[in-house]
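> Can you keep this structure in mind? I'll have questions shortly.
The values are calculated or read from the model by the stated rules, or taken from the named source; none is laboratory data. The structure presented is a predicted model; accordingly, all values stated were derived computationally and were not measured. Please note: Cβ atoms are built from the backbone with ideal geometry, for glycine as well, and neighbour counts cover all protein chains shown. When the accessible area is computed, the model is the full protein with side chains, heavy atoms only, and any ligands, DNA or RNA have been set aside. Shrake-Rupley method; radii C 1.70, N 1.55, O 1.52, S 1.80 Å.
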Amino acid sequence: MGEQQKKGQEQDVNQLRKVRREKLADLQANGKNPFEITKYDVTCHAMDVKENYEEMEGKQVSLAGRVMQKRVMGKASFCNILDQSGNIQSYVARDSVGEEAYKDFKKLDIGDIVGIEGEVFKTKTGEISIHASAVKLLSKSLQILPEKYHGLTNTDMRYRQRYVDLIMNPDARDTFIKRSKILSSIRRYLDGQGFLEVETPMLVSNAGGAAARPFETHFNALNEDFKLRISLELYLKRLIVGGLERVYEIGRVFRNEGLDTRHNPEFTLMELYQAYTDYNGMMDLTENLYRHVAQEVLGTTTITYNGVEMDLGKPFERITMVDAVKKYAGVDWNEVKTTEDAKKLADEHHVEYEERHKKGDILSLFFEEFAEEHLIQPTFVTDHPIEISPLTKKKPEDPEYVERFEFFMNGWEMANAYSELNDPIDQRERFKAQEELLAQGDEEANTTDEDFLNALEIGMPPTGGIGFGIDRMCMLLTDSAAIRDVLLFPTMKSIGGAEGKKTDKKEESEPAVKIDLSKVKVEPLFEDAVDFDTFSKSDFRVVKVEACEAVPKSKKLLKFTLNDGTDRKRTILSGIHEYYEPEELVGKTCIAITNLPPRKMMGIDSEGMLISAVYEYDGHEGLNLLMVDDSIPAGAKLY
């Protein structure tokens, strides 16, 4: 029955589309082709009329927008028009617009774009409206908009068809208008502080300035491989060398990483550099900038995100990374003398690390594991270990640490700032250390940039620098749950792209990647028997993946939010990021063991285990998450 209903709905939609095309053909045949119109004189917008009604009452105005609602009542009708500023009602009477024009009006469809001229007035019910004297069809809509009362609710479709989302969801439109105002406010503040806005290359031969894996491409004209920039830093510092004392850039950067609620592979970064100051100057600038933007865009310095209030009006807290770890993990890093001591502490506190990690790396891991989530109010975390800060000045009194801070709100890193390293000899040694990490398999390590070193040898003054994540700033200031909600066109997996297009049911049932089973090796079967009573205590359940995201600072872990058939959501972490991107798994139906005791992983309680098939294929490990038919309900028990 459900399938028949779906087919019936598709037929209805196709019929409606057909009718719209017939209407267009009729208009064209009668010399009224709307697509031949090139301009329309708009004198005001909907909100101009509503907000200034007392001044505009009785005046003639001209508006244009999309028909969102129409009520035809014999000789007089009402329609609702949506423009960028919002909705306004129009009263359209046959005696006012003329008999022929009124017939054309009655044939308009929801979604058509029209121009309306008329007089501003209030209806008997007190609604501010336009009494139309002329209605002109400016563009014909040939598609069907989503149903009015429910709007466009499918999240995936909202991101893919942002143009429909902006029409149907006022909150989405408001978010992106605020985003534009946030960027304008940032520029006004920095311009007022004497900063110059500049532009630097996106295509670079050496992608440096951050710990990230770049996208690579080939430039045919030069027959040379290039990378998309991962940072703005190294070129902006060249401008400081050149004598431009205060510079900033707001631009797209690209990092070949996973997708989740806070990460998109292309995102907007702002970096600025100021000569003759240090990271303390950057802290002052950050406080003032955030207060200025919040006050100008929102009208307040108190913001609310996901029900939590954050106060930008008070002085921001400042705490060293060592003190933060002592406060939240109970570990005094001043007592940790060697890398071996640090690794022993990590083992005791169940902090995952890699063999190459040194004492400073493990301090950073402790901070991420125990402290980050507590930094809800605006907080500067200062004085980072040198191992994780290859471009930063050492603290003169303690060369194991550098003059760096990260700015946190809502438990998120919002900005990263340095007293910039301007010693070319020290910088070369830092690059050398990064090259060694690259050789050990760290794909995010930097490579030596000889031209940048040459610039430092020319001489760079003492400089403070900072990078702001603009998208996260917009998320907080607009109370948006995911980074995709503040990106007009977020990166999405192509529909039917990577796995090829399916042409029939037979092909759909086949695996996307065909493997030669003769090359597959599996682990030997367990020889020890498990008694039936023990096995039967394992509760295997069907679960639905409601959300999935990469765990910050982990290359392997994905965090699943699961519907397990109960009233609460279940969180399970699984180390399968090498095999799946988070967005691929949202909406899938899987199998999990649900009665295992919670296990802490990267500071998060994992409440069970998702079942995967692991095997060796052609010398490499393969893995497939066990997924079942979506028609099986969440919570169904496996026997």
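> Mean 1/r over all different Cα pairs, inverted: what Kirkwood radius does the chain give, in Å?
Every distinct Cα pair counted, the radius reaches 29.2 Å.
> 5 Å is the cut-off here: which amide hydrogens, built 1.01 Å from N in the peptide plane, fall below it relative to Leu142, excluding neighbours closer than 5 in sequence?
Residues meeting the criterion, in which the H sits 1.01 Å from N, do not exist here.
> State which entries of Lys327/Lys569; Lys39/Lys178; Lys553/Lys637; Lys106/Lys140 exceed 24 angstrom in Cα-Cα distance in the structure shown.
Result: Lys327/Lys569; Lys39/Lys178; Lys553/Lys637 exceed 24 Å.
> So what are the ³J(HN,Hα) numbers for segment 453-470, from phi and the Karplus equation (6.51, -1.76, 1.60; θ = phi - 60°), rounded to whole Hz, Gly and Pro as x?
Taking θ as phi minus 60°, the curve returns 4, 4, 4, 5, 5, 4, x, 10, x, x, 9, x, x, 8, x, 10, x, 5 Hz for segment 453-470.
> Post the alpha-carbon centroid distance, segment 83-148 to segment 581-601, in whole angstrom.
Taking the Cα centre of each part, segment 83-148 and segment 581-601 sit 51 Å apart.
> In terms of Cα to Cα distance under 22 Å, which lysines are near enough to Lys59, apart from those fewer than 8 places away along the same chain?
Here the lysines satisfying the reach criterion relative to Lys59 are Lys50, Lys122, Lys124, Lys136.
> Note the direction-averaged projected area, equal to a quarter of the hull surface, for the Cα convex hull of segment 354-472, in nm².
Answer in nm², one decimal: 8.4.
> Could you work out how far apart the two model spin labels at Asp332 and Arg21 are, taking each label as a point 7 Å from the Cα in the direction of the beta carbon, and quote it in nm?
7.9
> Would you kindly calculate the translational diffusion coefficient of segment 419-461, applying Stokes-Einstein with the Kirkwood radius from alpha carbon pairs, for 37 °C and a viscosity of 0.692 mPa s, and quote it in µm² s⁻¹ without decimals?
Stokes-Einstein gives a translational diffusion coefficient of 302 µm²/s.
> Would you list, by chain and number, the aspartates and glutamates whose Cα falls below 12 Å from the Cα of Lys237, excluding same-chain residues fewer than 8 positions away?
Glu245, Glu249, Glu271, Glu420, Asp451
> So what's Rg/Rh here for segment 259-404, counting alpha carbon atoms and using the Kirkwood radius for Rh?
1.00
> Measuring with a 1.4 Å probe in the full set of protein chains, what accessible area per residue, in whole Å², belongs to segment 225-376?
Values: 6600 Å² over 152 residues.
Result: 43 Å² per residue.
> How tilted is helix 424-439 with respect to the longest principal axis of the chain? Cα atoms for both, answer in degrees (0 to 90, nearest 10).
90
> While we're on this one: Based on the Cβ-Cβ distance of Phe489 and Phe35, what FRET efficiency does E = 1/(1 + (r/R0)^6) give at R0 = 25 Å, to the nearest 0.05?
The value I calculate is 0.50.
> Given H placed on each backbone N at 1.01 Å, which residues far from Gln377 in sequence or on other chains put an amide H within less than 5 Å of it?
Asn410
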